[in-house]
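Single-structure report; data block below.
The values are calculated or read from the model by the stated rules, or taken from the named source; none is laboratory data. In this text, all values refer to a predicted model and were calculated from it rather than measured experimentally. Using ideal geometry, Cβ is built from the backbone for each residue, glycine included, and neighbour counts are taken over all protein chains shown.
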Amino acid sequence: MNAIDLPDEAATRHLGECLGRLAQPGDVLLLEGDLGAGKTTLVQGLAAGLDCPGEVTSPTFALVYELPGRVPLRHMDLYRLDPGHLEHLGVEEWFEPDAVVAVEWAERLGPFQPRQYLRLTLEHAGEARLARLEAVGPRHLQLLRDLQPCGYLP
């Protein structure tokens, strides 16, 4: 697992923006971390990198929303969702390969987790944050490698 130091909110947003510039339809980012760890900030950067207009906020009450862009962004927040209700929501359709998908509180997906993804676990490190990245599947391994020229990862 790769780790990235994020000294401030701007660095978290920049990581998201780099991912957005590299992202392709079908990419899935699973975001995990405590409240205030920077998940929504990272998605704001992701949206900027995908050229999505408008402001990105947490879709806590809407559960999922889509933003148009160079590649559409499907943004989900599972914080208020009881994991037992996922089976009735057509979760499989959320991961159709027509958009980049970012899931906040992804640990609540349980058995509905996709087979391939980039997991970003954001942790508080004092005033800074730490992002741990784990890629599963060839496309997401490539996405992780492609972050190197952006100044991330050795």
**Item:** Test result for R70, modelled with pLDDT of 80 or more, among the basic types (K, R) and over 14 Å from the mean Cα position of the chain (by Cα)
**Value:** yes
**Prompt:** Is one or more of the residues making up region 91-108 surrounded by fewer than 19 Cβ atoms within 10 Å (Cβ to Cβ), of a type in the set (G, A, S) and at pLDDT 90 or above?
**Reply:** no
**Fill in**
Within region 126-152, the residues that are under 12 Å from I4 (Cβ atoms) and not in a strand (DSSP E or B) are L144, L147, Q148, C150, G151, Y152
**Complete:** Residue pairs within 8 Å by beta carbon, gap of at least six or interchain, first lying in region 21-40 and hydroxyl-bearing (S, T, Y), second at pLDDT 90 or above and surrounded by 22 or more Cβ atoms within 10 Å (Cβ to Cβ), listed first then second, are T40/E104
**Request:** State whether one or more residues within region 26-33 are out of contact with any Ser or Thr (no Cβ under 7 Å at 6 or more places or on another chain), in a loop (DSSP other than H, G, I, E, B) and at pLDDT 80 or above.
**Result:** yes
**Message:** Checking the structure you have, find out if any residue of region 111-123 is charged (D, E, K, R) and under 19 Å from L19 (Cα atoms).
**Reply:** yes
**Message:** Return the pair list, or none, for Cβ contacts closer than 7 Å from residues in region 122-147 that are farther than 20 Å from V103 by Cβ to residues that are of a type in the set (G, A, S) and part of a helix (DSSP H, G or I), at least 6 apart or on different chains.
**Reply:** none
**Message:** Please determine whether any residue of region 7-14 is of a type in the set (G, A, S), more than 10 Å from the chain's Cα centre (by Cα) and more than 16 Å from E104 (Cβ to Cβ).
**Reply:** yes
